[in-house]
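First the structure, then my questions, so here it is.
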Amino acid sequence: MTYHLPAGKARSGPHLVDVTPETAGWGYSSLRVLELPPGGTHAFDTGDSEWIVLPLSGGCTVTAADDFGHESFELTGRSGVFDGVTDFAYVPRDARATVSSAAVGRFALTGARCTRRLPARYGPASAVPVELRGTGNCSRQVNNFGAAGVFECDKLIAVEVITPGGNWSSFPPHKHDEHRPGEESVLEEIYYFEFAGHDGTPGLGYQRVSPSGPGRETDVLAEVRDGDVVLIPDGWHGPSMAVPGHHMYYLNVMAGPEAERAWLICDHPDHAWIRGTWPDQPVDPRLPLYTAPERSA
């Protein structure tokens with residue numbers, strides 16, 4: 001199994017990225033990245049999965065139609081992932097979804113196989129919690145748009161992480177590949193990367209995944225660039241390293257078989273101590289890159 005998919009490797013039809021449970025060799029998590037030209041439209045059946053449509057650049061109209069009715073949502077979007085928090089739309093399973101864009105745009109479709117049908121909904125940018133996690137050169141920003149406990153889904157968990165150039169993210173390395181009630185949950189995970197360029201030079205970073213035990217032997221050390229994907233069925237994942245001078249963005253998509261939708265992790269025992277150093281260091285002053293807009297009255 002190839003766990004690092006360089007840009008273009010997972011391309012299919014209109015999708016710059018098309019990762020399904022079948023192509024990933026697992027049971028739940030999906031990610032598609034859709035690019036639309038001005039006036040472009042793409043329709044798809046949600047099937048047995050729930051989806052969040054998240055603008056990466058540009059805005060769009062999202063519609064969802066099923067036996068329960070028809071919903072339409074106008075997403076303002078954003079100019080790029082380093083420029084602001086975005087609004088988004090949730091589309092339930094067993095529906096017909098349409099994404100339309102008046103201008104050119106790229107849109108992440110984060111998905112998870114599920115059993116429960118929830119209503120189609122709009123997620124405003126103002127309701128997205130922006131978290132600063134870690135301190136010093138472990139500082140990063142997390143946009144918790146689809147986190148458990150923030151936005152209701154049946155199985156899907158999805159967040160955005162921004163790591164300033166030179167910092168280490170997803171550190172200490174952690175895992176979520178064993179069922180240990182109250183301590184660790186089983187979640188398949190997808191990382192999708194973008195980088196801030198500098199004077200026309202593209203950015204890059206590095207991603208590490210190491211085996212966590214017998215039968216859980218995923219092993220990746222990859223140089224990652226714009227549009228790359230890393231699949232994590234199991235294992236210790238981290239660090240995600242942003243080279244100096246280039247901010248790193250990654251979109252995390254997670255889902256799994258647990259009855260409870262929860263992000264429960266276990267830190268690598270060799271590196272868990274690093275959390276104890278955080279209170280003695282300031283958060284990287286470059287963060288937050290941006291905050292969520294104020295809620296309208």
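The values are calculated or read from the model by the stated rules, or taken from the named source; none is laboratory data. Small disclaimer: the values here were computed from a predicted structure and weren't measured. Every residue, glycine among them, receives a Cβ derived from its backbone with ideal geometry; neighbour counts consider all protein chains shown.
Go over the candidates Glu183, Glu223, Glu152 one by one and state the one that is closer than 24 Å to His4 by Cβ and of a type in the set (D, E, K, R). Let's see the steps before the verdict.
Details: Glu183 fails: closer than 24 Å to His4 by Cβ; Glu152 fails: closer than 24 Å to His4 by Cβ.
Checking each option against the conditions leaves just Glu223.
Go through Asp177, Asp219 for me and flag whichever is within 22 Å of Gly146 (Cα to Cα) and within 21 Å of the chain's Cα centre (by Cα).
Working: Asp219 fails: within 22 Å of Gly146 (Cα to Cα).
Matching residue, one of Asp177, Asp219: Asp177.
To continue, here is another question. If Thr2 meets every condition in (1) farther than 25 Å from Arg261 by Cα; (2) at pLDDT 95 or above apart from one, which number is that one?
(2) is the only condition that Thr2 fails.
Which of (1) crowded, with 17+ Cβ neighbours inside 10 Å; (2) closer than 24 Å to Thr135 by Cα is the odd one out, the single condition Tyr206 does not satisfy?
The one condition Tyr206 does not meet is (1).
Also, quick follow-up: Can you pull out every residue in region 266-277 that is loosely packed, with under 15 Cβ neighbours inside 10 Å and in a loop (DSSP other than H, G, I, E, B)?
So the first thing to find is which residues in region 266-277 are loosely packed, with under 15 Cβ neighbours inside 10 Å, and the list is 269-270, 272-273, 275-277.
Hits for region 266-277 are Pro269, Asp270.
Provide a single number: the residues in region 70-82 that are of a type in the set (A, V, I, L, M) and either part of a loop (DSSP other than H, G, I, E, B) or free of Cβ contacts under 8 Å to residues at least 12 places away in the same chain (or both).
Just the residues of region 70-82 that are of a type in the set (A, V, I, L, M), to begin with: 75, 81.
Filter once more, so that each one left must be either part of a loop (DSSP other than H, G, I, E, B) or free of Cβ contacts under 8 Å to residues at least 12 places away in the same chain (or both): 81.
Residues in region 70-82 being of a type in the set (A, V, I, L, M) and either part of a loop (DSSP other than H, G, I, E, B) or free of Cβ contacts under 8 Å to residues at least 12 places away in the same chain (or both): 1 in total.
With respect to the numbered conditions (1) closer than 23 Å to His247 by Cα; (2) in a loop (DSSP other than H, G, I, E, B), which one is the sole condition not fulfilled by Trp26?
Result: Trp26 fails condition (1) only.
Here is a further query. Tell me which of these Asn144 doesn't satisfy, since it passes every other one: (1) touching a strand residue (DSSP E or B) at 6+ places or on another chain (Cβ under 8 Å); (2) without any contact (Cβ under 8 Å) to a residue 40 or more places away in the chain; (3) of a type outside the set (Val, Ile, Thr); (4) loosely packed, with under 15 Cβ neighbours inside 10 Å.
Of (1) touching a strand residue (DSSP E or B) at 6+ places or on another chain (Cβ under 8 Å); (2) without any contact (Cβ under 8 Å) to a residue 40 or more places away in the chain; (3) of a type outside the set (Val, Ile, Thr); (4) loosely packed, with under 15 Cβ neighbours inside 10 Å, only one is false for Asn144: (4).
Here is a follow-up. In the list Ala108, Ala95, Ala103, Ala64, which residue meets the criterion of being touching a residue at least 40 places away in the same chain (Cβ under 8 Å), touching a strand residue (DSSP E or B) at 6+ places or on another chain (Cβ under 8 Å) and surrounded by fewer than 16 Cβ atoms within 10 Å (Cβ to Cβ)? I'd like the intermediate steps shown before the answer.
Values: Ala108 fails: surrounded by fewer than 16 Cβ atoms within 10 Å (Cβ to Cβ); Ala95 fails: surrounded by fewer than 16 Cβ atoms within 10 Å (Cβ to Cβ); Ala64 fails: surrounded by fewer than 16 Cβ atoms within 10 Å (Cβ to Cβ).
Result of the check over Ala108, Ala95, Ala103, Ala64: Ala103.
Would you mind finding the one in Val159, Val150 that is within 14 Å of the chain's Cα centre (by Cα), surrounded by fewer than 24 Cβ atoms within 10 Å (Cβ to Cβ) and under 23 Å from Pro129 (Cα atoms)? Can you show your working first?
Details: Val150 fails: within 14 Å of the chain's Cα centre (by Cα).
None of the other options fit; the residue is Val159.
Among the residues of region 240-255, is there at least one that is part of a loop (DSSP other than H, G, I, E, B) and of a type in the set (S, T, N, Q)? Break it down into steps so the answer makes sense when it comes.
Initial filter on region 240-255 (part of a loop (DSSP other than H, G, I, E, B)): 243-247.
Restricting the remaining residues to those that are of a type in the set (S, T, N, Q) gives none.
No, that holds for no residue.
Considering only region 278-294, state which residues are among the hydrophobic types (A, V, I, L, M, F, W, C), in a loop (DSSP other than H, G, I, E, B) and closer than 19 Å to Gly165 by Cα. Explain how you work it out, then say what you get.
Within region 278-294, the first condition is being among the hydrophobic types (A, V, I, L, M, F, W, C), and the residues that meet it are 278, 283, 287, 289, 292.
Keeping just the survivors that are in a loop (DSSP other than H, G, I, E, B) gives 283, 287, 289, 292.
The answer is Val283, Leu287, Leu289.
Scan Val17, Val85 and give me the residue that is surrounded by 19 or more Cβ atoms within 10 Å (Cβ to Cβ) and not in a strand (DSSP E or B). Walk me through how you get there before you give the answer.
Values: Val17 fails: not in a strand (DSSP E or B).
It is Val85.
A follow-up question, please. Quick check on Phe68: is it modelled with pLDDT of 95 or more and not hydroxyl-bearing (Ser, Thr, Tyr)?
On the way: modelled with pLDDT of 95 or more: no; not hydroxyl-bearing (Ser, Thr, Tyr): yes.
Taking the combined requirement at face value, the residue does not satisfy it.
May I pose another question? Would you please list the contacts, defined by Cβ atoms under 7 Å and residues six or more apart or on different chains, that run from a residue in region 217-237 that is modelled with pLDDT of 95 or more to a residue that is of a type in the set (Phe, Trp, Tyr) and part of a loop (DSSP other than H, G, I, E, B)?
From region 217-237, the pairs are Thr218/Tyr3; Val220/Tyr3; Val230/Tyr3; Leu231/Tyr3; Pro233/Trp26.
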